[in-house]
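The values are calculated or read from the model by the stated rules, or taken from the named source; none is laboratory data. Since this is a predicted model, take the numbers as computed values, not measurements. Note: ideal-geometry Cβ built from the backbone for every residue, glycine included; neighbour counts use all protein chains shown.
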Amino acid sequence: MGNIVILTGAGISAESGIETFRAETGLWAQHRVEDVATPEGFARDPQLVVTFYNGRRAQAADAQPNAAHKALARLEAEHQGEVLVVTQNVDDLHERGGSRNLIHMHGALNSALCGQCDNRWEAPMQMHVGQTCPACTAPAARPDIVWFGEMPYQMERIFEAISRADLFVAIGTSGNVYPAAGFVAEAARAGAATLEINLEPSAVGSQFDDALLGPATQTVPAWVNDILKRG
Ligand code: OAD
């Protein structure tokens, strides 16, 4: 099967107890995106934003990687070709599940970023507004999360991997947020086969060659077994 690029979204962590964004009772039904996930929202009310991510950091720390995260780590360890996981998730369940070749394109809850000098360091469980940067001492610490209007991380490396992919798989993402929602079209253009794994077809579901529908903890381990059997 050669090189595999896997895009993951909130659906892969749902069965670990982490809320998704666009479910009826999901995060974006409880909070306004403009308030907690934009640079303007942070400038207006940093306390609200820091408190929101402190809550999410605590939730992620309590959660455990599930069978889907672990199956992707097994695929990376046992597959002949390259396996790259590109996640939109800001929890650390992929790395705790054993994935090593991993890109957090939307940032990470366990990282803090200096709004002044771009230095990064390990976020404390509870961040505070105006915390100082250990490098430049500016009181400009913020959660290391890519907010709407900001550029996702490592896009060059992601597009380079997609251009070499033989298979592109999207797991548990609703296909509403670009550039990630555009990866399937890019992969198809580059000649990769494409597969969507989700509870239901996503907003870009019709662009995939194939779909596996069902909960990730069942579909992902079954798919990994199948790939490893085929070699
Ligand atoms: P969404 O909440 O938009 O979508 C979650 C997807 O997971 C949906 O398509 C569900 O059908 C699917 N799903 C839910 N439970 C599942 C399960 N047990 N097994 C398989 N699939 C399941 O989350 P994302 O697509 O990840 O960005 O959202 C993308 C981005 O929008 C996020 O990274 C975040 C958000 O705004 C930022 O905060 C920058």
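The table that follows gives values for the structure above.
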quantity: Failed item in (1) in a loop (DSSP other than H, G, I, E, B); (2) outside the structural domain of ARG230 (by TED's automatic domain parsing), with ASN54 passing the rest; calculated: (1)
quantity: Residues satisfying the stated conditions in region 14-73, i.e. in contact with a helix residue (DSSP H, G or I) (Cβ under 9 Å, 6 or more places away or on another chain) and acidic (Asp, Glu); calculated: GLU15, GLU19, GLU34, ASP35, GLU40, ASP45
quantity: Residue within region 47-63 that is of a type outside the set (Phe, Trp, Tyr) and within 26 Å of TRP223 (Cα to Cα) present; calculated: yes
quantity: Region 78-103: number of residues that are within 16 Å of the ligand (Cβ to nearest atom) and not hydrophobic (A, V, I, L, M, F, W, C); calculated: 7
quantity: Residue match in region 122-135 (condition: among the acidic types (Asp, Glu), over 16 Å from the mean Cα position of the chain (by Cα) and at pLDDT 95 or above); calculated: yes
quantity: Residues of region 1-50 classified as in a loop (DSSP other than H, G, I, E, B), more than 9 Å from the ligand (Cβ to nearest atom) and within 15 Å of the chain's Cα centre (by Cα), total; calculated: 2
quantity: Cβ-Cβ under 6 Å pairs, at least 6 apart or on other chains, region 143-159 side within 16 Å of GLY115 (Cα to Cα), far side within 11 Å of the ligand (Cβ to nearest atom) and part of a helix (DSSP H, G or I); calculated: PRO143/TYR53
quantity: Every residue from region 85-126 that is assigned to a loop (DSSP other than H, G, I, E, B), small (Gly, Ala, Ser) and buried (at least 21 other Cβ atoms within 10 Å of the Cβ); calculated: SER99, ALA123
quantity: Segments classed as strands (runs of 3 or more DSSP E), wholly inside region 166-231, with at least 2 members that are modelled with pLDDT of 95 or more, more than 17 Å from the chain's Cα centre (by Cα) and surrounded by 14 or more Cβ atoms within 10 Å (Cβ to Cβ); calculated: 193-198, 210-213
